[in-house]
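The values are calculated or read from the model by the stated rules, or taken from the named source; none is laboratory data. These numbers were taken from a predicted model, which means no experiment stands behind them. In this analysis, Cβ positions are derived from the backbone assuming ideal geometry, glycine residues included, and neighbour counts consider all displayed protein chains. Calculation scope for accessible area: heavy atoms of the full protein, side chains included, ligands and nucleic acids excluded. Shrake-Rupley method; radii C 1.70, N 1.55, O 1.52, S 1.80 Å.
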Amino acid sequence: MGALANPPPDEPYGPSDFDLTPELAAARPFPDALAKARPAAVLIPAIARETVSLLLTQRTAHLTAHAGQIAFPGGKTEPSDTGPLDTALREAREEIGLDPSLVVPLGILDRYLTGTGFWITPVIGLVDPDFKLTLDSNEVADAFEVPLPFLMDPMNYQRHTLMIDGLEQHFHAVPFGDRFIWGATAGILRNMHQRLFAS
C-alpha cells in the first residue's frame, strides 16, 4: 500500500468529490482545480484492538466550514511540515491530543481532491489502544470509533444527492448508528476499501 507517484492515465487525478458527478467536473475543470488545490493530510487512526476500529471525529457546530461533519483528524499542510505524515500527526496532536509516539505509520492512500479545494493525502497509522485523547473544544465536538469490518463492507454504503449551484451532486455516505459519515471522509474510506480489498 502506498501513494501513487503518478496517477494512472485512466484516473489522472485520483479519487475526488467529483467522481459521482461528472457534470461538476466539467463545470470546474480538473486541471484548474488541481492548480489551485491546497495540500493537506489526514490521519486514519486504526486502533489496534482485537477487532480493529478506526477513530473519527465530529467537528463542532460553530465552525464556518464543514460544521458538524464527521472527519479524520487532519488539515492543511504547513511550511514547517516535512511531508504528509508530519502534517497528519501534527494535526491529530492539535485536534484530539493524540501522542505521535503511539502511532505506527502503515502507509498512505491515493490523494483525494475535495470540492472545497484541498488535495488530501490520507495516512494510515496503527494506534496503541491505551491512547488518551484531549479534544480541542473549538474544532472537535466528539471522537468515536467504528469497527473496520463495518467500514470496509460496500453494502453499508449509500449514494445521496444534494444541490450545489443549481447542479445535483452525488456523494457516498455510510450511516453508523446516529452518525452520518459522508463526503470526502466516505470517499476516502471507499478508496481505502478498493486499495486494500478490491481484486
query: Quick one: accessible area per residue over segment 61-199, 1.4 Å probe, rounded to a whole number of Å²?
result: 51 Å²
- line: Rounded to the nearest Å, the spacing of the alpha-carbon centers of segment 82-108 and segment 148-198 is 24 Å
- prompt: Put ARG195, ARG59 in order of accessible area, largest first, 1.4 Å probe: what do you get?
  reply: ARG195, ARG59
query: Tell me, what ³J(HN,Hα) does each residue in segment 135-150 have, in order and in whole Hz, if you take phi through Karplus 6.51 cos²θ - 1.76 cosθ + 1.60 with θ = phi - 60° and put x for Gly and Pro?
result: 6, 6, 5, 6, 10, 10, 7, 7, 9, 8, 10, 10, x, 4, x, 5
Calculated Rg and Dmax of segment 122-167 using C-alpha coordinates, Å: 16.3, 48
- line: Under Stokes-Einstein, segment 117-199 at 37 °C and 0.692 mPa s, with its Kirkwood radius over C-alpha pairs, diffuses with a coefficient in µm²/s of 217 µm²/s
statement: By accessible area (1.4 Å), largest first, LEU126, LEU56 order as LEU126, LEU56
- prompt: Of the accessible area of segment 112-151, with the probe set at 1.4 angstrom, what percent is carbon plus sulfur?
  reply: 58 percent
message: Binning at 10 angstrom from zero up to the longest distance, how are the C-alpha pair distances of segment 34-149 distributed in percent?
response: 15, 46, 34, 5, 0
Computed FRET value (nearest 0.05) for ASP136 with LEU162, which takes r as the C-beta separation and R₀ as 35 Å: 0.80
